[in-house]
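The values are calculated or read from the model by the stated rules, or taken from the named source; none is laboratory data. Bear in mind the structure is a predicted one, so any value in this text is a computation, not a measurement. As a convention, Cβ positions derive from the backbone with ideal geometry for all residues, glycine included, and neighbour counts pool all protein chains shown.
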Amino acid sequence: VTAEAALVEAIRLLGPKAKSNHPIGPLTTYRVGGRAGAFLEVETEADLEQVRIAVAGTGLPVLVIGRGSNLLVSDSGFPGIALSLGASYGFIEFEGLVVRAGAACSLPVLARRSVAAGLKGMEWGVGVPGSVGGAVRMNAGGHGSETSQVLRRCRLVDLSSDEDSTLTVDELDYSYRHSNISPTQVVLWAELSLSPGDSREGEAAIGEVVRWRREHQPGGQNAGSVFTNPPGDSAGRLVEEAGLKGYRLGTAWVSDKHANFIQADPGGSADDVLSLVDEVRRLVYERLGVELVPEVRVAGRFEQTEPMARGGAEL
Ligand SMILES: Cc1cc2nc3c(=O)[nH]c(=O)nc-3n(C[C@H](O)[C@H](O)[C@H](O)COP(=O)(O)OP(=O)(O)OC[C@H]3O[C@@H](n4cnc5c(N)ncnc54)[C@H](O)[C@@H]3O)c2cc1C
């Protein structure tokens with residue numbers, strides 16, 4: 001079976017809502033990169049079941065896209081089935097100190113709504129432009145907190161098997177920007193346990209996070225921190241010490257505001273971004289002897305035969 005035939009079969013199995021050759025680069029904050037062979041916006045459990053059937057029937061790889069704020073899609077696209085969760089997975093429900101949020105819910109919205117509900121513990125999320133699902137997978141965090149500190153349990157559906165489970169935080173093997181959630185598992189919702197708070201204090205904390213971000217981080221097309229911080233150090237500090245602030249490779253460049261951010265030019269190339277990730281990693285190792293580990297996930301095939309950047313990226 002050729003890859004093309006597998007994609008035709010995938011579109012058939014996914015049903016009438018599926019899109020073939022759908023642009024997914026624009027679904028990422030880098031806004032570069034190509035198309036997915038097949039794409040489905042999942043609104044119901046039945047849609048998700050269609051994806052599971054299509055994966056089983058074709059053996060094609062699958063890509064779950066959240067808000068695309070930690071994702072680089074190759075210029076040649078993703079030769080498999082991509083999905084994102086639609087608005088029906090964007091809910092937020094409060095019950096006492098527990099919040100249940102759909103995986104498509106945006107973290108900044110969750111942060112603001114939690115504060116408005118008089119709850120404390122999610123304020124940091126206002127600065128992370130991802131979804132609840134992406135945060136659960138990546139153990140997103142900032143300002144001294146991270147997802148694993150507030151998560152109680154989440155529902156996970158595995159698209160490569162029949163598995164459908166609700167796991168507690170202890171079962172997700174959390175560490176810094178890491179969980180054991182695999183590329184074929186989809187987070188559908190998460191339950192967080194917050195503390196009682198004062199809305200005014202919460203609003204002030206949110207204002208402070210927003211102010212800090214504006215002062216220290218660039219806007220434009222990027223995916224936040226490119227590398228994880230090595231123990232006891234900061235990746236941005238190391239890239240800066242290696243003299244790489246402002247360093248450009250084709251359409252990609254190291255931000256001169258924050259050296260752990262790599263920016264893409266409008267209409268730029270994902271291959272340039274990944275080549276620059278590799279180049280920065282190589283030069284930091286050469287100049288400072290520290291091996292940086294990429295935080296950003298990559299999807300699809302890149303020009304580089306064996307990009308170093310893949311060392312830390314699982315997709
Ligand atoms: C300006 C900026 C600032 C940032 N600051 C921070 C920060 O302070 N701290 C931090 O931790 N991150 C930060 N990030 C990175 C990013 O926002 C987080 O990693 C976020 O958790 C990614 O969520 P997402 O929905 O955008 O995921 P995506 O980028 O869409 O995907 C990331 C990974 O999660 C998987 N995924 C997404 N949704 C699901 C789901 N429902 N189920 C299973 N897997 C899923 C994807 O397959 C992929 O492997 C920043 C990014 C930007 C652009």
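With respect to the stated conditions, TYR89 fails to be closer than 23 Å to SER269 by Cβ, in contact with a Leu (Cβ under 8 Å, 6 or more places away or on another chain) and among the hydroxyl-bearing types (Ser, Thr, Tyr).
Rundown of residues vs (1) touching a residue at least 40 places away in the same chain (Cβ under 8 Å); (2) within 7 Å of the ligand (Cβ to nearest atom), yes/no style:
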residue: SER131; (1), (2): yes, yes
residue: GLY134; (1), (2): yes, yes
residue: ARG137; (1), (2): yes, yes
residue: GLY141; (1), (2): no, yes
residue: SER145; (1), (2): no, no
residue: GLN149; (1), (2): no, no
residue: ARG155; (1), (2): no, no
residue: SER160; (1), (2): yes, no
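None of PRO231, PRO183, PRO218 is within 12 Å of the ligand (Cβ to nearest atom) and at pLDDT below 95 except PRO183.
Within region 1-36, the residues that satisfy the criterion of being under 23 Å from the mean Cα position of the chain (by Cα), on the phi < 0 side of the Ramachandran plot and in contact (Cβ under 8 Å) with a residue 40 or more places away in the chain are HIS22, ILE24, GLY25, LEU27, THR28, THR29, TYR30, VAL32, GLY34, ARG35, ALA36.
Residues considered: ALA235, ALA242, ALA205. Of these, the only one that is surrounded by 14 or more Cβ atoms within 10 Å (Cβ to Cβ) and closer than 30 Å to VAL62 by Cβ is ALA235. When region 43-67 is filtered for residues that are in contact (Cβ under 8 Å) with a residue 60 or more places away in the chain and of a type outside the set (Lys, Arg), the ones remaining, listed by number, are LEU48, VAL51, VAL55, ALA56, PRO61, VAL62, LEU63, VAL64, GLY66. Where strands (runs of 3 or more DSSP E) sit wholly within region 68-163, those with at least 1 residues that are of a type in the set (S, T, N, Q) and modelled with pLDDT of 95 or more occupy 78-85.
With the structure loaded, tell me whether PRO26 is away from the ligand (no atom under 15 Å from the Cβ) and either basic (Lys, Arg) or outside any strand (DSSP E or B) (or both) or whether it fails that test. No, not satisfied.
Here region 70-91 is the region considered, the condition is being buried (at least 17 other Cβ atoms within 10 Å of the Cβ) and among the hydrophobic types (A, V, I, L, M, F, W, C), and the residue that is farthest from GLY34 (Cα to Cα) is LEU85.
Residues in region 255-269 that are in contact with a Ser or Thr (Cβ under 6 Å, 6 or more places away or on another chain) and not in a strand (DSSP E or B): ASN260, ASP265, GLY268, SER269.
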